[in-house]
Each structure stands twice: as structure tokens, then as C-alpha cells.
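Just below is one structure, and these are the notes that go with it.
The values are calculated or read from the model by the stated rules, or taken from the named source; none is laboratory data. Predicted, not measured: the structure shown is a model, and the values here were computed from it. Here the Cβ positions follow ideal geometry from the backbone for every residue, glycine too, while neighbour counts run over all protein chains shown.
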Amino acid sequence: MAATINILPEHLANKIAAGEVVQRPESVVKELLENCIDAHASSIRIIIKDGGKTSIQIIDDGIGMSEEDASRAFLRHATSKISSYEDLEHVQTLGFRGEALASIAAVAQVELKTSSAADEVGTLLRIDGGGVKERGKAGIPRGTTITVKNLFFNTPARRHFMKSNNTEFKHIYDVVQRIALSHPEVAIQFVSDDENLLDVKPSTIDERVKDLYGERFFETLVPVREHTEMLSITGYIGKPDFARKSKVDQFFFLNKRYIVSRSLNHAVFSGYEHLVEKGNFPFYMLFIELDPEKVDVNVHPSKMEVKFADEQNVYRIVMAVVRKALGMGDLIPSLNVSQSGTDSRTATLQHTAFPRFLSPQPNSAVGISKQFLTTELPLQPLPTANAHSFDLEKLFAAQPPLVDTNTLAPETKNQLFAHGTREGEIIEGKAIWQLHNKYILSQIRTGLMIVDQHVAHERVLYERALASFANAVPASQQLLFPHTIQLSSGDYALIKDILSPLQSLGFGLKLFGKNTVVLEGVPPDVKAGSEASILQDILDEFKNNQHRVKLEARDNVAKSFACKAAIKAGDSLTEVEMRVLIDQLFATAMPYVCPHGRPVLVKISLPELDRRFMRTS
């Protein structure tokens, strides 16, 4: 029988292997930029034409290569980064596989010019489709210049799969941007089709972010900084009200290497909890420093996927750090009125009466925040050798915004100052108004704060509902005359499914046959006169949430109850009731947004008001 297994010729094997490393022009730029960084370049210039299809040139001032090293660099598995298996456990460089240059040279026409500090004259090397066409000398300052032309010229099928010039350009720009962000100490210039698109000097990470995104965008970010004996996390996360509809500008850098991790991405979103609506995506740029021995970067040829030795604890720490940063940041949106938004209508400010169902609760203020944290985040200390040095629960401590201590209950006031509220920055609170029976206005040190009364009360009730789930004995107000309610078959089945969380909220329910329930008690927050309708309203909202977003049943019940039991736009509030609501709002763990992600309050700065009235002092 004739042999059917063949040994592939080297040139064919190289083309096949190149398909794993070089997928499009972006791949070439990524691999070459990583080599520049590993060569300790302090300045890098990237020049492309036609989205990288026609030409890619990378110029750096790194350590360069000798003539011998330059010849070896294009051999498969040739690398200066590792020499033994043990080195894989301590990888500190971006590249280490020794596949990039060989793969690029197999499917393109490549020219290399390089010179090291020990060389009097540099080295020139030209390779065409994997074969060396020319060796010689080149006059070049210390560093390396690589030019890659006609990518996939010898693999037409691969060239056919490349996209438009604009699309390929966008992918390349993303790579350049990631390198620029992860290495702010390096000067980077990016030129596309003779247009200078980026030219940044060595700087700090703060300045580099401003260079790439602008000063105003930088002001929308919340700084992140946490150091533990297991790992360190620094960087920025975006304020919830600046979340976008697409997954753009989300970065994880592990030991300065850009990585993609579904687990860490989920950890960030869990840290935001309900601050962003489903379908919105916040900005984040997080730099993780971790012992190389505790992570495997040799998972995929692209080197963007990694495997953590203790992924569960990395996940927990990332989530906790994000939640802590959001708790400490000023998340109140600032309202800047544009010139085109001028409105000559006058606002009606009024003090009016209010239906009596907004009153201080025995478990409000301090109790809500504390119980919310312990019920929502039942995390145990990290089971590591150095866990004693890292108090994970402490990371979740919410930082309430700055409020008028004169309007707060004593226990709430003590809680605020325990969390570091500075008295010089609190709400002055001498006047408070209701606007159109919808918004609450209050003076603050920096201008004016506006609160949406419905979503504010919704946040209070939501966290109170979560606290009720943790209590062994629910608070319930017995009805003098129970209500018999006839439901549809579907709603009756739903009641049976969520009976336990409803009872935990304080609903006294008895199930009877023929789709009938008897309501004997309701939570204290239910408005008098709405007892019969509140249950149906909650069921309708529960079903609506099921269709829009996937929520755990108890969380859905809590959100549905909070939405339907909260005060409404159009309800009049007395001054006392407005102050009670503000008191309760700022005692919650997250007063900035309602459970569905809508903003609770905004502020108009005093400089903005001065600008509108053309004041100069």
C-alpha cells in the first residue's frame, strides 16, 4: 500500500502557520508594534497605505539587531524572549513565540533595515514570500525599520477576505490606540495615506488619555486604583450616564498586554450592577498587574487570550474594585444648558400637600445600605495565603454623595461622616422646592441639584425590598377588609412562581382555586387605596421586565414593586416629605440611578448659571 501521509514542504507549512498569526493587516501591525516595545523603543512611527493592504511601515528607535540576529529573526520559532520551558512561566515581554516575522514574511514582501549600538553599519534584508532575495548593508541609525508590502500577494484566497480600506484602517487604528494607551512613555506617530492622524509625545497615562479622547471626555471618567498582595488594578471607568450602545473603548491590559476576557468583562458589568441599562456599555480602561507565574499567556497564537490560575478571585476583585470606585465617585450628571436650549417659560415652584405614604421607616437610612451590601454581595474573604491583607467586603463600602446634614436623621448623618463626607461640600439645604409636582430642587455648594421624585423613591423602595428578602420576618400591614382578586390563568401561575419573594416583601396572599387569590396584607410602602390594584400592576411590570431583560426572579419582583409602589410624577409633596425622601435617597447604597438605570438626579453648576446670566463675578 502506497504511503498517504506526506511531510509538507517548509514554504507551504509556513503559509498555513501564517494563517493563525496573520489574519489581516491589523495582525501585522500588532506583531510589529509588540516587537518595537520589546526592543525598548522610546519612539515609534507607523505609516500605512490603503488600509495596510499596499504597505505597512514601522520605524522604531529600539535596540536594533545585529546582522546575524536579523537573519535568524525570520526563521520559525526564532526568539530572543525565551530559551527554556521555565521561561514561559515568567514571560514579561509582549512577544515570545517566535512566529510573527516568519509568518509575515511567508505571505508578503518584507524589507528589514536594522542597526544595533555595536554596529558601524546597519543590516538590510529583503524577503519575498518567505524566500530571502537580498542581503546587504544599510545606513540607518540605531533601531529597526520594517516595511511590509502587498500582504497576501501569494495567497489570493486570503487577500479576497480582506475588507474595504476604511474597515482595515479602523482595525489598525484600534491596535495603535491600544499600544498608545498601554505605553504612554512611548512617543507614537501614525500616518495613513500621507495624513498624520496621531502624534503623541511621551507622557503620563492621564495625559495620554486626554491626548486620545480629549479633556472633556477625561472629566467623565472615574479613577480606579487598588493594590493588593494578589494583584493591582489601576485605570478608569466611565460614569454610567455616558454609557454607549456599542461595545467600544473597553480595555483590559494585563502586565501592559492587551487581553480579551469574557470573565473580566462580566466582572466589570457586575460591578456596575444596575447603573447602566441592558444594551448600554460603559467605558473602561483597566490595567492589571499580576505575577506572571499566576497567568498563562500562551493560550492562543494572537496572545490576547489568557488563563488565570485563580480566575474566580480575580473576577471577585475586579468586580469589587469597580463597585468601590463607583461608590466613591461623583456620579451626579451635570446639566449644561446649550444656547439653543433657551426657554422663556417660567418654572412654578410650590409647596403642596402629599398623600401620606412617604414616611420614615424603621429600617431606613443606615439599615438599608448595610443590608443591601450584605445581601447582594455575600462574598467571603479570599482563600489565598495573603488574603488577610485584603478586606474584600471593605471594597464594597458605598460612598454616599454630599448632602445637607441638617436635614438628615442622626444615624444617617453619622454614616455619611463615617464614609468621609466633607462638611464644607455638603448641600446648604436652606430652601427646597417641588417643580411641577415632578422634580425636587435644592441648593448645593456648587449650584443647583434636581431630583426626579419618582425614580428617587423607586431607588429607596428597591433597596428596601432587597433588605426585606434578607429579613426572617417580613414587615406587613394587615388589611381590615381582605381583597379577593380574580386573575388570568397566566397571572395565577405567575403568582405561584413568585409567591415567596412577594411574601418576603410583606404581601399576605392566600391562593384559592379557579385563579383566585385573597390579599390579606401589603407592605407598609403601599399607598392607601391602591391595595387592590398594586398586585396586578406588579405582575404586569414583572412580565414586561421578562420580555425586555433577563432578571433573576427576586430581583425582578423587587424592581417591579419599586416601580409600581413609588410616588408618581404629579404627586404633590410637602417640604417635610421632600426632605424625608432626600434623606432616604442618600441613605441608599447607590442614589444616582433608579433600579432600571435612569438617572435620579442632575446638578447645574454655579458657573453654568453665571454664564447663562452673563455674570462675570
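Conditions (1) modelled with pLDDT of 95 or more; (2) touching a Phe, Trp or Tyr at 6+ places or on another chain (Cβ under 7 Å); (3) assigned by TED's automatic domain parsing to the domain that holds LYS30; (4) charged (D, E, K, R), marked per residue:
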{"residue": "PRO141", "(1), (2), (3), (4)": "no, no, yes, no"}
{"residue": "ALA157", "(1), (2), (3), (4)": "no, no, yes, no"}
{"residue": "ASN165", "(1), (2), (3), (4)": "no, no, yes, no"}
{"residue": "LYS170", "(1), (2), (3), (4)": "no, no, yes, yes"}
{"residue": "ALA180", "(1), (2), (3), (4)": "yes, no, yes, no"}
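Which residue, of LEU581, LEU601, is modelled with pLDDT of 90 or more and in the same structural domain as VAL455 (by TED's automatic domain parsing)?
LEU581
Give the residue, chosen from VAL522, VAL517, that is within 23 Å of SER488 (Cα to Cα), in contact with an Asp or Glu (Cβ under 8 Å, 6 or more places away or on another chain) and among the β-branched types (Val, Ile, Thr).
Among VAL522, VAL517, only VAL522 is within 23 Å of SER488 (Cα to Cα), in contact with an Asp or Glu (Cβ under 8 Å, 6 or more places away or on another chain) and among the β-branched types (Val, Ile, Thr).
Take the residues of the range 468-505 that are charged (D, E, K, R) and more than 19 Å from LYS564 (Cα to Cα): which is nearest to the chain's Cα centre (by Cα)?
Among them, the one singled out is ASP497.
Do we find a residue being modelled with pLDDT of 90 or more and either within 35 Å of the chain's Cα centre (by Cα) or in the same structural domain as GLU277 (by TED's automatic domain parsing) (or both) anywhere in the range 506-521?
Checked against the condition, which is being modelled with pLDDT of 90 or more and either within 35 Å of the chain's Cα centre (by Cα) or in the same structural domain as GLU277 (by TED's automatic domain parsing) (or both), the range 506-521 yields no hits at all.
Going by what's in this entry, would GLY570 be described as more than 32 Å from the chain's Cα centre (by Cα) and more than 23 Å from ASP452 (Cβ to Cβ)?
When the stated conditions are applied, GLY570 does not pass them.
Do we find that TYR462 is touching a Ser or Thr at 6+ places or on another chain (Cβ under 9 Å), at negative phi, surrounded by 19 or more Cβ atoms within 10 Å (Cβ to Cβ) and free of Cβ contacts under 8 Å to residues at least 40 places away in the same chain in this structure?
Judged against the criteria, TYR462 is not a match.
When only residues in the range 416-453 that are in a helix (DSSP H, G or I) and closer than 14 Å to PRO591 by Cβ count, which is modelled with the highest pLDDT?
Among residues in the range 416-453 that are in a helix (DSSP H, G or I) and closer than 14 Å to PRO591 by Cβ, the one modelled with the highest pLDDT is GLN453.
What number of residues in the range 126-165 are part of a strand (DSSP E or B), closer than 25 Å to HIS40 by Cβ and out of contact with any Lys or Arg (no Cβ under 6 Å at 6 or more places or on another chain)?
Number satisfying all stated conditions: 7.
Scan the range 545-592 for residues that are farther than 20 Å from ASN437 by Cα, aliphatic (A, V, I, L, M) and buried (at least 24 other Cβ atoms within 10 Å of the Cβ) and jot them down.
VAL557, ALA558, ALA587, MET590
Surrounded by fewer than 18 Cβ atoms within 10 Å (Cβ to Cβ), on the phi < 0 side of the Ramachandran plot and at pLDDT 80 or above, is that true of ASP330?
Taking the combined requirement at face value, the residue does not satisfy it.
Any chance the range 68-77 includes a residue that's under 38 Å from the mean Cα position of the chain (by Cα) and either of a type in the set (D, E, K, R) or modelled with pLDDT under 95 (or both)?
Looking through the range 68-77, at least one residue is under 38 Å from the mean Cα position of the chain (by Cα) and either of a type in the set (D, E, K, R) or modelled with pLDDT under 95 (or both).
Could you tell me whether the range 472-493 includes any residue that is in a helix (DSSP H, G or I), assigned by TED's automatic domain parsing to the domain that holds ALA553, among the aliphatic types (A, V, I, L, M) and surrounded by 16 or more Cβ atoms within 10 Å (Cβ to Cβ)?
no
So which of ASP174, ASP206, ASP119 is loosely packed, with under 14 Cβ neighbours inside 10 Å and either touching a residue at least 12 places away in the same chain (Cβ under 8 Å) or part of a helix (DSSP H, G or I) (or both)?
From the options ASP174, ASP206, ASP119, the qualifying one is ASP206.
Show the residue pairs that are 6+ apart or on different chains and have beta-carbon atoms under 9 Å apart, the first residue being within the range 248-266 and assigned to a loop (DSSP other than H, G, I, E, B), the second being of a type in the set (Ser, Thr, Tyr).
Here the result reads ASP249/TYR213; ASP249/TYR284; LYS256/SER182; VAL260/SER302, each pair linking the range 248-266 to a residue that is of a type in the set (Ser, Thr, Tyr).
Could you tell me whether GLU531 is in contact (Cβ under 8 Å) with a residue 12 or more places away in the chain, in the same structural domain as SER442 (by TED's automatic domain parsing) and out of contact with any helix residue (DSSP H, G or I) (no Cβ under 9 Å at 6 or more places or on another chain)?
no
Counting only residues that are of a type in the set (Asp, Glu) and not in a loop (DSSP other than H, G, I, E, B), which one in the range 177-203 is surrounded by the fewest Cβ atoms within 10 Å (Cβ to Cβ)?
Among them, the one singled out is GLU195.
Quick check: is even one residue across the range 190-205 under 22 Å from ALA100 (Cα atoms) and either touching a Ser or Thr at 6+ places or on another chain (Cβ under 6 Å) or assigned by TED's automatic domain parsing to the domain that holds LEU101 (or both)?
yes
Out of all the residues in the range 193-229, which are hydrophobic (A, V, I, L, M, F, W, C) and modelled with pLDDT of 90 or more?
Once the filter is applied, which keeps residues that are hydrophobic (A, V, I, L, M, F, W, C) and modelled with pLDDT of 90 or more, the range 193-229 yields LEU197, LEU198, VAL200, ILE205, VAL209, LEU212, PHE218, LEU221, VAL222, VAL224.
Go through (1) farther than 22 Å from VAL175 by Cβ; (2) modelled with pLDDT of 90 or more; (3) of a type in the set (Gly, Ala, Ser) for ALA243 and report which single condition fails.
ALA243 satisfies all of (1) farther than 22 Å from VAL175 by Cβ; (2) modelled with pLDDT of 90 or more; (3) of a type in the set (Gly, Ala, Ser) except (2).
Select from the range 291-308 the residues that are at pLDDT 85 or above and not in a loop (DSSP other than H, G, I, E, B) and list them in ascending order.
Those that are at pLDDT 85 or above and not in a loop (DSSP other than H, G, I, E, B): PRO292, GLU293, LYS294, VAL295, LYS307, PHE308.
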